[in-house]
Amino acid sequence: MSLTFHWFLPTNGDSRHVVGGGHGTPATVSGQDRPPTVAYLSQIARAAEQLGFAAALTPTGAWCEDAWLTTAMVSQNSERLKFLVAFRPGSVSPTLAAQMASTFQRQSGGRLLLNVVTGGESHEQRAYGDFLDKDARYRRTGEFLHIVRQLWDGKSVDLDGEFLRVEDAKLSRTPDPVPEVYFGGSSPAAGEVAARYADVYLTWGEPPAQVAAKIAWIRASAAEYGRTPRFGIRLHVITRDTAAEAWAEADRLLDGFDPETVRAVQAGLARSESEGQRRMLALHGGSRESLEIHPNLWAGIGLVRGGAGTALVGSHDEVAERIKEYHALGIDEFVLSGYPHLEEAYWFGEGVLPRLAAQGLWTHPDDRASVPSAHVPFTS
């Protein structure tokens, strides 16, 4: 199987410095350096498309622009690139969400992927009118995906669930192809939803041993439902012609972290209910020391940014080797980003991807046969 690489649309703003925010913390002022206009995001999307990335992830939350609206506009300025739209299922009805996804597929030429985000921060969820606790949110996500996936399959749905109720729900036009569902989470409640409904299980960039344990966990849980999801990882990248150049760039980014900003962000993230966020914080402990937690895996980003907080740092050859290390564990998809996102897309796309292609591990999407991938069946 050819590896798949996705890039990131910084809808919270971009900069030559790290733009913090996420998981209930606001975007840092560096996000004002390059505002997330449709014109700039389209520039990143076109670069990612040309370089061979399959899709671009857009985040969700109060700290960034709305992912649905932004990607709908950016899609009109690109041709092949898909959009991995982060989406919180508690915000709209499942029938409307299924309809929105179906419309997106038709209007974009089948270029929607969905990253379902349950939401790990109760204080942020309450700002959107959602007062369920974390475990209840995951159970609601399961009901939501049960309804949506049956609607996408052309079925009429009646459900009187714990949280959601629909009667004679159906779509007049189903999506073609059915959008694949990407889903992450490190808690037991998240694992149950992933096992039943995810096409691709995503993990943040933890050291390989921890990632291997997650893969084994989800793979075993999904097997109980007769399912075999794929696995992906979310990482930042700093890749250069030499390792010294890459680490010099990491040091430059670290030097730009204002101590007070680090303290404020860490205090905000400390109240997170997300198990994944807790695991990210444990990788650096709020300290600037010993941030290389595995060869070429740097935890510095997580000092000022919620969510994905680690980066692959090194020469193009070293980064390619780390990708192969994760692939050997079962990771087939890599959701990447870097600051600034336009320039870093070229560093990775022109430095690392050709090396993987030469080893037969990656093929540019434009060179592949146009065969739609089937979504993983789920049990009702």
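The values are calculated or read from the model by the stated rules, or taken from the named source; none is laboratory data. Predicted, not measured: the structure shown is a model, and the values here were computed from it. Positions of Cβ are generated from backbone atoms using ideal geometry, with glycine treated the same way; all protein chains shown enter the neighbour counts. When the accessible area is computed, the model is the full protein with side chains, heavy atoms only, and any ligands, DNA or RNA have been set aside. Shrake-Rupley method; radii C 1.70, N 1.55, O 1.52, S 1.80 Å.
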Look through region 44-56, keep the residues that are assigned to a loop (DSSP other than H, G, I, E, B) and either closer than 15 Å to SER75 by Cβ or acidic (Asp, Glu) (or both), and return whichever of them is least open to solvent (accessible area, probe 1.4 Å). PHE53
Evaluate region 94-109: report whether one residue or more is in contact with a Pro (Cβ under 7 Å, 6 or more places away or on another chain), surrounded by fewer than 17 Cβ atoms within 10 Å (Cβ to Cβ) and touching a residue at least 24 places away in the same chain (Cβ under 8 Å). no
Within region 272-292, residues being within 20 Å of LEU202 (Cα to Cα) and surrounded by fewer than 18 Cβ atoms within 10 Å (Cβ to Cβ) number 4
Residue hits (region 94-121; in contact with a Leu (Cβ under 8 Å, 6 or more places away or on another chain) and either more than 18 Å from THR58 (Cα to Cα) or modelled with pLDDT under 95 (or both)) are PRO94, THR95, ALA98, GLN99, SER102
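Where residues in region 273-306 are among the small types (Gly, Ala, Ser) and touching a helix residue (DSSP H, G or I) at 6+ places or on another chain (Cβ under 7 Å), which of them is nearest to GLY120 (Cα to Cα)?
Across region 273-306, the extreme among qualifying residues is GLY306.
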Have a look at LEU269, LEU235 and point out the one that is open to solvent by less than 70 Å² (accessible area, probe 1.4 Å), more than 27 Å from ARG322 (Cα to Cα) and under 19 Å from the mean Cα position of the chain (by Cα). LEU269
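For region 1-43: of the residues being of a type outside the set (D, E, K, R) and in a strand (DSSP E or B), which is surrounded by the most Cβ atoms within 10 Å (Cβ to Cβ)? If you could, list the steps in order and put the result at the bottom.
Here is the first cut: in region 1-43, the ones of a type outside the set (D, E, K, R) are 1-13, 15, 17-32, 35-43.
Narrowing the set further to residues that are in a strand (DSSP E or B) leaves 4-8, 21-22, 25.
Numbers: THR4: 20, PHE5: 25, HIS6: 24, TRP7: 30, PHE8: 25, GLY21: 25, GLY22: 27, THR25: 25.
Out of the qualifying residues, it is TRP7.
State all residues of region 21-37 that are more than 16 Å from the chain's Cα centre (by Cα) and not polar (S, T, N, Q); if no residue qualifies, say none.
GLY24, PRO26, ALA27, VAL29, GLY31, ASP33, ARG34, PRO35, PRO36
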Taking the condition of being open to solvent by 80 Å² or more (accessible area, probe 1.4 Å) and in contact (Cβ under 8 Å) with a residue 12 or more places away in the chain, how many residues in region 163-191 meet it? 4
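Tell me, yes or no, whether region 299-318 has at least one residue that is over 24 Å from GLY31 (Cβ atoms), modelled with pLDDT of 95 or more and open to solvent by 30 Å² or more (accessible area, probe 1.4 Å).
Yes, because at least one residue in region 299-318 is over 24 Å from GLY31 (Cβ atoms), modelled with pLDDT of 95 or more and open to solvent by 30 Å² or more (accessible area, probe 1.4 Å).
Conditions tested, residue by residue: (1) at pLDDT below 95; (2) under 24 Å from GLU143 (Cβ atoms).
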residue	(1), (2)
LEU202	no, yes
GLY205	no, no
PRO229	no, yes
ILE233	no, no
THR242	no, no
ALA250	no, no
ASP255	no, no
GLU289	yes, no
HIS294	no, no
Filter region 268-296 for residues that are of a type in the set (D, E, K, R) and not in a loop (DSSP other than H, G, I, E, B); which is farthest from PHE183 (Cα to Cα)? GLU292
Which of the following residues is more than 15 Å from GLU344 (Cβ to Cβ), open to solvent by 30 Å² or more (accessible area, probe 1.4 Å) and outside any helix (DSSP H, G or I): ALA62, ALA72, ALA86? ALA62
Check on ALA246, farther than 20 Å from ALA86 by Cβ, in contact with a Lys or Arg (Cβ under 6 Å, 6 or more places away or on another chain) and part of a helix (DSSP H, G or I): yes
Please enumerate the residues belonging to region 161-175 that are closer than 16 Å to TYR138 by Cα and of a type in the set (A, V, I, L, M, F, W, C). PHE163, LEU164
